[in-house]
Amino acid sequence: MEEKSNSVTVEDKFMKTFKYYKSNKPKPSMEDVIEVENCATDKVNKIAAEIFTDDPRAEVLGLKSLRTWQIYTFLRHPGLLFIRNPFTALGQRYWVRKCLEEYPRKPNKLNIDIEMSVEDWWAECFKKEQCDKQLQKKLRWTTLGYHHNWEHKKQNKSHFPVDLAELSDVLAEYLGYSNFRAEAAIVNYYHMNSTLSAHTDHSEVNLEAPLFSFSFGQSAIFLIGGKDKSVEPSAILIKSGDIVVMSKEARLCYHAVPKILPSPDSPWEESNISDVFSNKVSSFKYISEPDEFVGTMNENIDNKIWNRFRNYIQESRINMNVRQVLNENQNSI
Ligand SMILES: O=C(O)CCC(=O)C(=O)O
Ligand SMILES: [Fe+2]
């Protein structure tokens, strides 16, 4: 594929790599796919974060101690950060369940709205005794907070979930973005044959704030290139629990998901998952009912409750893509 720009023909190297990794026949080689912990230091660097005090919210939000977080940078992609699964098994279960059971409820917007009206997609999938797999597979995205075309429709907004705002705040504080406000999110749902084509995320008013991307379930090849598609992208393996941060120069770079891969392990499964306690926390910024929150978190230890969500995530991937929309001193669009 070739694209004309200022009468000069430039090669779309992004598309070429996208097609290479999307292909089933022949299967792509995984040789050049970056797995952060096994990658040569001329591509990836592990940075030692100097964390002296843990965030008291981390454990109840399903995160491991901030002192144990493993954070990576990429030499070809300044501003791109990768945190290797900082979630506990209980945390993975909580966020997967939220993305399936709660976030797709109305008034949030869903891709299936154009063909049907569903108030509560997850409940609808389980209306009959057998799960409606066809309906289950139809959901590809839902938006939270400011919806996708926020620049055009000022009132196009629903409530942003307080739990996801709190999780994003822990990450933002950890990275030194203490003024970050989570105002919009897209939750993407992928099945084993799903892809997401090359794009940049530029509809927010504030393009300085970082973008946080949380992934759960099956693995993915994530491509990230440059400000235009002539830059050959890097391929990075994203596994369940991994967080990708697109900040600074990386915030407006082209990216895509050409392939979903079966996850070799299931970090949402652990034999001895123990309860978390709300009395440890006195510092929530957004969550006003900590006991209720912790109650829901602990419910997922019960495999009878978790089972439906487990069945879904064993053959799907979920990505929560969180952004700040407004500028620091702005209150509305
Ligand atoms: O699924 C992913 O990892 C990326 C999703 C994404 O780029 C988006 O929602 O804009
Ligand atoms: Fe994106």
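Just so it is clear, none of the values below were taken in a lab; they were calculated from the coordinates. None of these values were measured; they are calculated from a predicted model. Every residue, glycine among them, receives a Cβ derived from its backbone with ideal geometry; neighbour counts consider all protein chains shown.
Quick notes on this one:
- Remark: for residue pairs Lys227/Lys259; Lys106/Lys285; Lys16/Lys157; Lys239/Lys304, the C-alpha separation exceeds 28 Å in Lys16/Lys157.
- Spin-label model, Phe126/Asp12: points 7 Å from Cα along the beta carbon direction are separated by 4.2 nm.
- Ranked by the mean number of other Cβ atoms within 10 Å per residue, highest first, peptides 182-195, 299-312 order as 182-195, 299-312.
- Cα gyration tensor, the chain - rounded (a/c under 1.5), prolate or oblate: rounded
- Sites Glu232 and Lys19 - FRET efficiency at Förster radius 22 Å, r taken between beta-carbons, to 0.05: 0.95
- Label-to-label distance, nm, for residues given as Phe52 and Asn307 (7 Å Cα→Cβ offset): 5.1
- Rounded FRET efficiency, nearest 0.05, which uses the C-beta distance separating Asn327 from Phe277 and R0 of 35 Å: 0.40
- Among Gly91, Gly241, Gly295, the residue with the largest mean-square fluctuation in a Gaussian network model of the chain, with springs joining Cα atoms closer than 10 Å, is Gly295.
- Cross-link reach list, aspartates and glutamates versus Lys127, counting only Cα pairs under 20 Å and skipping chain neighbours closer than eight places: Glu101, Glu102, Asp113, Glu115, Glu119
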